[in-house]
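What follows is one structure encoded as structure tokens, with my remarks underneath.
The values are calculated or read from the model by the stated rules, or taken from the named source; none is laboratory data. These numbers were taken from a predicted model, which means no experiment stands behind them. We place every Cβ from the backbone using ideal geometry, glycine too, and count neighbours over all the protein chains shown. Side chains included, ligands, DNA and RNA excluded: accessible areas come from the protein's heavy atoms. Shrake-Rupley method; radii C 1.70, N 1.55, O 1.52, S 1.80 Å.
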Amino acid sequence: MSGFQRQNGDIVELTAAGLEAVRSHKNNYADSTRPLAMDERGWSAWDMGNLWIGMLVSIAVYQVASGLIVSGMSWGEALFTIVLGHFLVMVFAVVLGHFGTKYGLTYPMLCKLVFGSKGTVVPSLVRGILGCFWFGVQAWIGGQAVNAILAVFLPFWNGLGFKGLFISFLIFWLMNVYIAGSGSGAVQKLEKFAAPVLILLSFIVIIWGMYTADWSISGLLSEPSIQGNPDADFWKLFFPALSSMIAFDGGIALSMADFTRNCKTQKAQMVGQLAGAPVMTAFIAFVGICGTAGASLAFQEAIWEPAVLVSKFDNPAIVIIFSLFIIMAVLTTNVAANLVPPTNVLATLFAKKISYKKAALIAAVLALFAQPWNALASAYDLIYNVCGLLGALLGPISGLYLVSYLFEHKTHVDMVDLYREDGGRYYYKGGWNTAIIAIFLAATAVIIAGKYITPLNFLFDNAYAIGSVGAGLLYYIYLKIQNKRNGVNENYEDNHQTRHDCVTE
């Protein structure tokens, strides 16, 4: 008898009989939620590496590197902190990416697996809100670059002030919406085109920095503005900064299934991520260091915002070239990391009512309310407050996902039950995994309280690390207690065998 799902190498696919079983129940199966079959997948390790290159060769990572220096770290300390943080977040990205590759499903379906068919609204909305917020922030940065280019060709443009900036912001906003609405294929094509160009332009920043230091890399790196504050306590800066660096890409790691579902094998997603992310993180952080030092030498000011730095040049060609760099860097990051996740959330939550393109438009419209200029008020605010809040939200969720997928479900998913909306093993209590939701809410509340209660400041300063480990450990203990109370043998294969035979090809 043919099973409802079959194993095809690293991939588990829903069979025709499985799809019929899904449709025999109330379900959320739709074009936006269906699993990608093997013959629909075209991403290799190279494509995954390009994805991370596009996301990490970004203005945001540049600004974080510069921001840590402005906050008091030396360039070496900032580089170490950023690379370590991005390396640690790869643990979450690879594990959660495993789900996407194995089943061809998106992040919102992972939410449903862990939080329940109704409980999925909690993490989905959190990720969606954060995605919309960051989309607005990045779109504003990209809009500044568009504004600089328009000012070169239209002399009257600078006289428009905020109106000109807002129009430029909307132009860049529309570019993002178009690419996101075109689906993952458009994202992949954009990454392939943009990655080599971004790397080339990054080298130009390094060369310009060396030029300001009379072509001496040692002279550039010894520039006083990037040597840190000698009176600053490194360890006091390090731990909250490290947590912020992990949280900075924590949302991308959380949503990695949205992209790894396009991979042909698990090896492709793992190698692509582990090879691409740490190296490119170090590279773009170094670019930010060179840009900050060069700005200090050229303009006697350690400028941490690239768009502001570009505006300091009098040469129109330089303004145009570097503005294009900013536009391309933000565009590749913003679509993949910030607009695709909330688009998938909306397309899944309202699978029967709106299309993927409409979901992308709705997510982009919501981002207009982000007021991004507040998040970019200062380097310290971006790193230690905005990213700290991200850690308070993303840390607990990330830890709960890892424990649930690895230890509760042991990476095995019954796809028929996963699509069901009226019962099944992932329905939990009326559609809500109340235990995991309670742990998430409690952990997040305690960590945020740490921002305002002095004795608990260390919780907020280490939000992502404490949140992920703490919430994950609590849920793991809860599972142990429940299994013991119910007399459950913890061997998944014996007790949680997929109800329907899995045919191996």
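Of the chymotrypsin sites (Phe, Trp or Tyr not before Pro) found in the range 212-316, the ones in coil according to DSSP and having at most 14 other Cβ atoms within 10 Å of their Cβ are W215.
Angle of helix 356-367 to the longest C-alpha principal axis of the chain, folded into 0 to 90 degrees and rounded to 10: 50°. Rounded to the nearest 500, the helix-only mean residue ellipticity at 222 nm of the chain stands at -21500 deg cm²/dmol, with each DSSP H run of n ≥ 4 adding -39,500 (n - 2.57).
The shape of the range 420-485 comes out prolate: with a ≥ b ≥ c from the C-alpha gyration tensor, a/c is at least 1.5 and a/b beats b/c.
Within straight-line reach of K451, meaning a Cα separation under 27 Å, sit the following lysines at least 8 residues removed in sequence or on another chain: K236. What lysines could a cross-link reach from K353, if we take a straight Cα to Cα line under 22 Å and drop same-chain neighbours fewer than 8 places away? K353 reaches K26, K112, K118. Within a straight-line Cα-Cα reach of under 22 Å, K264 can be paired with the following lysines, leaving aside sequence neighbours fewer than 8 residues apart in one chain: K102, K189, K192, K410.
Neighbours of V177, meaning other residues whose beta-carbon lies under 15 angstrom from its beta-carbon, give a summed charge of +2 when Lys and Arg score +1 and Asp and Glu score -1. Only protein atoms count toward the accessible area here, which uses a 1.4 Å probe; on the chain, the carbon and sulfur part of that area reaches 65 percent. Which angle between 0 and 90 degrees, to the nearest 10, do you get for helix 266-299 versus the longest principal axis of the chain when only C-alpha atoms count? That works out to roughly 20 degrees. Each other residue within a Cβ distance under 9 Å of S117 adds +1 if Lys or Arg and -1 if Asp or Glu, for a net charge of +1. Averaged per residue, the chain has 40 square angstrom of accessible surface, using a 1.4 angstrom probe with ligands and nucleic acids left out.
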